[in-house]
Amino acid sequence: MSLLNEVVEVRKMEIISKLLEHHQFYKKEDALLDLTLSELEYEYYKVQSNVHPHTGFSSIRLRKFS
């Protein structure tokens, strides 16, 4: 297995464990293993945006001033 594949698999397992820790993800763990890294990151982003208090429309947003 190449180094890139190993890194991707490690990252996938990290995200899967985080999703399962939140108990917000209702799919089976086997279904999570079938998702790509991009899909897992998107699912984790959705969970984080629902759980984290500083996300959403009423949160503080930093603006880049030119």
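The values are calculated or read from the model by the stated rules, or taken from the named source; none is laboratory data. From a predicted model like this one, the values you see are computed outputs, not experimental measurements. Each accessible area value is taken on the protein alone, full model and side chains, heavy atoms only, with ligands, DNA and RNA left out. Shrake-Rupley method; radii C 1.70, N 1.55, O 1.52, S 1.80 Å.
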Sort out which residues of segment 1-43 are under 12 Å from the mean Cα position of the chain (by Cα), modelled with pLDDT under 85 and open to solvent by 80 Å² or more (accessible area, probe 1.4 Å), and write them in order of number. GLU21, GLN24
Please determine, by comparing only the residues of segment 44-66 that are open to solvent by 100 Å² or more (accessible area, probe 1.4 Å) and part of a helix (DSSP H, G or I), which one is modelled with the highest pLDDT. TYR45
